[in-house]
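Undergrad: Pasting a structure here, questions to come.
The values are calculated or read from the model by the stated rules, or taken from the named source; none is laboratory data. In this text the structure is predicted, and so the values were computed from the model without any measurement. In this analysis, Cβ positions are derived from the backbone assuming ideal geometry, glycine residues included, and neighbour counts consider all displayed protein chains. With ligands, DNA and RNA removed, areas are computed over all heavy atoms of the protein, side chains included. Shrake-Rupley method; radii C 1.70, N 1.55, O 1.52, S 1.80 Å.
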Amino acid sequence: MNIRIGNGYDIHRLVSGRPLILGGIEIPHSLGLLGHSDADVLTHAMMDALLGALSLGDIGHYFPPSDPKWAGADSLKLLSEVVTLVKSKGWTIGNIDSVIVAERPKLKPHLNSMRDALSQVLAISSEQISIKATTNEQLGPTGREEGIAAYAVVLLMQG
Ligand code: MG
């Protein structure tokens, strides 16, 4: 059996007047993430991990911010395209582990909803998807609530 690993990272700026979307779920908060798409950092990190595992580049290559087609895009739809690409090459997802770095709001109550939403698009069980949340102890841009970041690692299997 062939196996590959990939890792992904993303950060977006927090601003007022935008919804906060993480893992495909809208989370009640006074601030949201700024971006060309819905700025779902967790989903973006997972997409980059999937692409990285197969040395297929990054999401900026497939969904360039300069393309108006992706303005306001639902990141779960973008993820779905990446999953199709991965599957077309004969790979299946073993598991995904991820971390969201956010000072506020408290994300723990929403983690299982994110896992459910992502498992549908990834076509794997929610048990194969780990999402953790941590603060940055008020340090750096995430700690100052200037943005929210996410990291993801994925294992792919073939054969
Ligand atoms: Mg992004």
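Undergrad: On the basis of being open to solvent by 50 Å² or more (accessible area, probe 1.4 Å), within 13 Å of the ligand (Cβ to nearest atom) and out of contact with any His (no Cβ under 7 Å at 6 or more places or on another chain), does ILE11 make the cut? I'd like the intermediate steps shown before the answer.
TA: Numbers: open to solvent by 50 Å² or more (accessible area, probe 1.4 Å): yes; within 13 Å of the ligand (Cβ to nearest atom): yes; out of contact with any His (no Cβ under 7 Å at 6 or more places or on another chain): yes.
So ILE11 fits the description; yes.
Undergrad: Is it fair to say ILE59 is in contact with a Pro (Cβ under 9 Å, 6 or more places away or on another chain) and within 14 Å of the ligand (Cβ to nearest atom)?
TA: No, not satisfied.
Undergrad: Taking GLY60 and the conditions (1) out of contact with any helix residue (DSSP H, G or I) (no Cβ under 6 Å at 6 or more places or on another chain); (2) at pLDDT 95 or above, which numbered condition does it fall short on, given that it satisfies the others?
TA: Failed condition: (2).
Undergrad: Continuing with this model, one more query. Show the residue pairs that are 6+ apart or on different chains and have beta-carbon atoms under 7 Å apart, the first residue being within the range 39-56 and more than 18 Å from GLY94 (Cα to Cα), the second being outside any helix (DSSP H, G or I) and among the acidic types (Asp, Glu).
TA: Pairs that qualify, where the first residue is more than 18 Å from GLY94 (Cα to Cα) and the partner is outside any helix (DSSP H, G or I) and among the acidic types (Asp, Glu), are VAL41/ASP10; HIS44/ASP10.
Undergrad: Looking at the range 83-101, is at least one residue within 14 Å of the chain's Cα centre (by Cα), surrounded by fewer than 20 Cβ atoms within 10 Å (Cβ to Cβ) and without any contact (Cβ under 8 Å) to a residue 24 or more places away in the chain?
TA: Within the range 83-101, none of the residues are within 14 Å of the chain's Cα centre (by Cα), surrounded by fewer than 20 Cβ atoms within 10 Å (Cβ to Cβ) and without any contact (Cβ under 8 Å) to a residue 24 or more places away in the chain.
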